[in-house]
Amino acid sequence: MSEKNSYIPPKIWQWNTDNEGNWANINRPTSGATHNKVLEKGKHPFQLYSLATPNGVKVTIMFEELLSLGIKEAEYDAFLIDISQGEQFGSGFVDINPNSKIPALLDQTHEDAIRLFESGSILFYLAEKFNAFMPSQEKRAECMSWLFWQMGSAPYLGGGFGHFYAYAPVKIEYCIDRFSMEVKRQLDVLDKHLDKNHYLCGEEYTIADIAIWPWYGALVLNRLYNAAEFLDVESYKNVMRWAKEIDQRPAVKRGVMVNKTWGDLATQLHERHDANDFLERTQDKLTRD
């Protein structure tokens, strides 16, 4: 490889913003707020501050699935946090999530609002609160194992493969090979499991599926990093079957639209404050067509 032995780490690492690629303007080695900004609040019990990245989509799908069950107490307002503009470093957002990552959530059903951050934690909290999309005791451990599998595995897909394959300013063969190998191993894990299971926990659709689909489902459906052909995703037939089936769920179709700011305008719903927001988007599309 041309880059072999071309970099010798310094004795003490120093931050060089010229090496950050597409995200140089928001990545930094320190935490905390960079500016003061009070977050808006809507009328519903839950206030979500997010963006339609895979981690954000997990939570909007969960809310739409809960509402599809007729659980009106799960109504939510979804406000857009544009991470490309550093809005996750505003003081109001940092108050909810000191880690400055989307999604962040406020549960206002208590006298003192409860803050929630980390997508897996939010899914677990909502599943417990509404007793939904969490399997019976016999399968509960299996569900939690797959939920935590996703939380541990996705950084290899996103920060590893996605960064070096799609975003890094220089294509480094070693890095792309290393993370491609790991992503394909993870897809193989899922494929073998889904060969014997309809969903991640058997016949029941759970928060494990809701957590994993926005990452690995989107990947095999070629909605993530434009890498489907490169990773030969068609060879993972069970993952593909699972991904396509979940993709057809009405709540999933709604959830992937929320806080989305790219792609076809008909697929974008920058903020969500009412179920009618989806109808208005559909009507706008029909009018344009």
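The values are calculated or read from the model by the stated rules, or taken from the named source; none is laboratory data. Note that the structure is predicted; figures quoted are calculated from it, not measured. Quick reminder, even Gly has a Cβ in these numbers, built from the backbone with ideal geometry, and neighbours come from all protein chains shown.
Yes/no matrix, rows are residues, columns are (1) charged (D, E, K, R); (2) closer than 20 Å to Y76 by Cα; (3) surrounded by fewer than 21 Cβ atoms within 10 Å (Cβ to Cβ); (4) modelled with pLDDT under 95:
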position	(1), (2), (3), (4)
W215	no, no, no, no
L221	no, no, yes, no
L224	no, no, no, no
T261	no, yes, yes, no
A266	no, no, yes, yes
H270	no, yes, yes, no
R281	yes, yes, yes, yes
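Here's the yes/no breakdown for (1) closer than 26 Å to A208 by Cβ; (2) assigned to a helix (DSSP H, G or I); (3) among the aliphatic types (A, V, I, L, M); (4) more than 13 Å from the chain's Cα centre (by Cα):
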| residue | (1), (2), (3), (4) |
| --- | --- |
| E40 | no, no, no, yes |
| Q47 | yes, no, no, yes |
| A52 | yes, no, yes, no |
| V57 | yes, yes, yes, no |
| I61 | yes, yes, yes, no |
| E64 | yes, yes, no, yes |
| L67 | yes, yes, yes, yes |
| D77 | no, no, no, yes |
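The set of residues in region 91-114 being more than 20 Å from P54 (Cα to Cα), touching a strand residue (DSSP E or B) at 6+ places or on another chain (Cβ under 6 Å) and not in a loop (DSSP other than H, G, I, E, B) consists of D107, I114. Picking from residues in region 188-208 that are part of a helix (DSSP H, G or I) and in contact with a helix residue (DSSP H, G or I) (Cβ under 6 Å, 6 or more places away or on another chain), the one that is nearest to E65 (Cα to Cα) is I207. For region 123-157: of the residues being outside any helix (DSSP H, G or I) and of a type in the set (A, V, I, L, M), which is farthest from I176 (Cα to Cα)? So the residue we want is A132. Scanning region 234-261 for residues that are within 26 Å of I83 (Cα to Cα) and in contact (Cβ under 8 Å) with a residue 12 or more places away in the chain turns up D247, A251, V252, R254, G255, V256, M257, V258, N259, K260, T261. Take L231 and tell me if it is outside any helix (DSSP H, G or I), more than 28 Å from L80 (Cβ to Cβ) and in contact with a Phe, Trp or Tyr (Cβ under 9 Å, 6 or more places away or on another chain). Yes, satisfied. Screening S84 against (1) over 15 Å from R115 (Cα atoms); (2) modelled with pLDDT of 95 or more leaves a single unmet condition, (2). Against the numbered list (1) on the phi > 0 side of the Ramachandran plot; (2) crowded, with 20+ Cβ neighbours inside 10 Å, G202 comes up short only at (2). If you go through region 29-66 and keep only what is farther than 30 Å from W13 by Cα and surrounded by fewer than 15 Cβ atoms within 10 Å (Cβ to Cβ), you end up with K37, V38, E40, K41, K43. Taking every residue in region 51-71 that is on the phi < 0 side of the Ramachandran plot and pairing it with any residue that is part of a helix (DSSP H, G or I) and hydroxyl-bearing (S, T, Y), at least 6 positions away or on another chain, the pairs with Cβ-Cβ distances below 7 Å are N55/S119; K58/S119; V59/S119.
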